[in-house]
Each structure stands twice: as structure tokens, then as C-alpha cells.
Amino acid sequence: GALDAGAIEHAGDQVTPVVAGSPASRGGLHNGSRPSISTVASDTSSTSTTKKGLLKAVFSKRRRSALRERAKETQYGVEIDHMLPEDFKAIRQPENLQALWAPGSSRADRAVVQNIPQHTIDTYYEAAEMSLVSRNSEGEIDGYLLGKLQSQRRTHVIGLITACAVIPRARRKGIGRRLYHKFFALCRAKGCRFVRVIIPRENSVTIAFHRSLGFEEDDYSTELLARADGGDRCCFVKDLDLSLQEKVDDFVEILNPLHHNAT
């Protein structure tokens, strides 16, 4: 599937979203309550506190409350783990997928719904060994990556990232990069040299993100995609070991048997 940017849950009829930021998630943020002036006034009246002293007491209590709430604020991207079955079930909840891929949109918007990946159980079992989740300080999921190994011409294996997303409130904290770098490490451990992603061509933000991680567009694979779907998607490849020029030549050789035979 195409990669746009953001643990999946479907436990029979009873489901409880656990992705941080979803409607049923605490998100680790505590609203707190402002001190009641009337309450403080009643407490201080017995000691004949002056009006100035009363206001000072109110603001002091509010300040202490604000500091306590700040200390309790959720920390995102605290831990990167392998994705468990229950994580996948949580992620694939419709409300959680929407929170990850189309926050603030309406499910009545067909164009939006069509762009939300529909992860199936088969998706997980194909990707279980290489897929990852990010957890916040409350143990809730704040991002995920679906990836797998894919054989090429029976002699080579490449890493393929099919989906990655982070909840809005946890973005711009380096979680996506940490998920990718963990996936790179898993690929290296499996003797895999190349990692590939397929990205919608109009998604300039995602393309820029991948370029910043060292991905480069593979023209040969992009041309094959164009023949299949009219050029709406492009293929980007990262070489985990060698230089850019060596990567382009070798990756094309792996994917294109005619190129391999010609050499």
C-alpha cells in the first residue's frame, strides 16, 4: 500500500481504543481544576485574612496546581517496542485510524475515508516480525510502523515499509524517525541491505521526510508503478550500507532481471 505519513484493536464486540489521543484515551493529560475562590474565602475567613492576602492565596494555589499538572504531562515516544497482536487490534479501530491518519475530519467525507489504510488481520501476520509501536509515558500507543521483508528474485530480501503514522499531539518529537531507525536496525540484523517505501506523489511532506532520512527515488520502480496506476505513486529506496550511486545500480539489478543479464 501507499505510505502517507502514523497498534490495532478489534476484540470482538467489546473494543477499547488505547491509542493515545483517541476519544476513549486519557492521553496522559490531566485537565485539573482551578481553585474555587469561594472555597478559599471560606477557609480564610476564620483567620480574618485580608482581601490582599486572599488573592495572594488564590494565585499561589493556582500556581502550585499548574506546576503539578505540568509535571504530570505525558511524555511521548518514551519507548519503541515490537508490535503485539493486541497493539495491532487497537490501531485498526476505525476511530484510532482516523485519529492517526485524518484527525479532525468527518467519517462522512468519503475522500478522507478512502485515504485511511484499512489494516486487516492478514496485514499483521505478514508484518508481525518487523512492525513497531511507540509508547508514551502512560504506556499508550502514540505511533506505529508496519514493515516486512520481501523477497526479490529469490536471492535477495528487501525491507518494505507499508504504513507509519503518529498521533497529532506527538508529532514533531522525532517519533517517526525513531521508528524508522529501529526498522533499519531490524533489517540490518536480517542481512537486508535495502528499504523501500511507496509514496503518493502529491504528498510533498512525506517525500521530504524520507529524503531527510537518506531515501532517494528509484526511477525504474517508479516507472513500473506509473504503468500500473498512471503515475500517482513513486518508489523511494534507502541503501543501509553503501553510497548512493552503488545503491541505484545494485537495486535496479536486483529488481530487473534484464538489467542483471545484460551485465
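The values are calculated or read from the model by the stated rules, or taken from the named source; none is laboratory data. Fair warning: this is a prediction, and the values are worked out from it, not measured in the lab. Every residue, glycine as well, gets a Cβ built from its backbone with ideal geometry; the counts of neighbours run over all protein chains shown. Each accessible area value is taken on the protein alone, full model and side chains, heavy atoms only, with ligands, DNA and RNA left out. Shrake-Rupley method; radii C 1.70, N 1.55, O 1.52, S 1.80 Å.
For region 129-177, what are the residues that are part of a strand (DSSP E or B), under 15 Å from the mean Cα position of the chain (by Cα) and hydrophobic (A, V, I, L, M, F, W, C)?
L132, V133, I141, L145, L146, I161, A163, C164, A165, V166
If you go through region 248-260 one residue at a time, do you hit one that is over 15 Å from V195 (Cα atoms), open to solvent by less than 80 Å² (accessible area, probe 1.4 Å) and modelled with pLDDT of 90 or more?
no
Look through R177, R172 and report the one residue that is loosely packed, with under 14 Cβ neighbours inside 10 Å, of a type in the set (D, E, K, R) and under 20 Å from C235 (Cα atoms).
Result: R177 is the single residue among R177, R172 that is loosely packed, with under 14 Cβ neighbours inside 10 Å, of a type in the set (D, E, K, R) and under 20 Å from C235 (Cα atoms).
Considering only residues that are in contact with a Leu (Cβ under 7 Å, 6 or more places away or on another chain), more than 16 Å from A165 (Cβ to Cβ) and open to solvent by less than 40 Å² (accessible area, probe 1.4 Å), which ones fall in region 197-233?
Passing the criteria: only S221.
Against the condition in a helix (DSSP H, G or I), modelled with pLDDT under 90 and of a type outside the set (V, I, T), how does A185 come out, does it pass?
The answer is no for A185.
If a residue must be open to solvent by less than 70 Å² (accessible area, probe 1.4 Å) and modelled with pLDDT of 70 or more, how many such residues does region 88-112 contain?
As a first pass, look at region 88-112 and keep what is open to solvent by less than 70 Å² (accessible area, probe 1.4 Å): 88, 90-103, 105-106, 109, 111-112.
Remaining after also requiring modelled with pLDDT of 70 or more: 88, 90-103, 105.
Going through region 88-112 one residue at a time, the tally reaches 16.
Would you point out the residue of region 118-128, among those that are open to solvent by 60 Å² or more (accessible area, probe 1.4 Å) and part of a loop (DSSP other than H, G, I, E, B), that is nearest to P200 (Cα to Cα)?
Step by step, filter region 118-128, then rank; the result is Q118.
So which residues in region 188-209 are small (G, A, S), over 15 Å from L132 (Cβ atoms) and assigned to a helix (DSSP H, G or I)?
Selection gives S204, A208.
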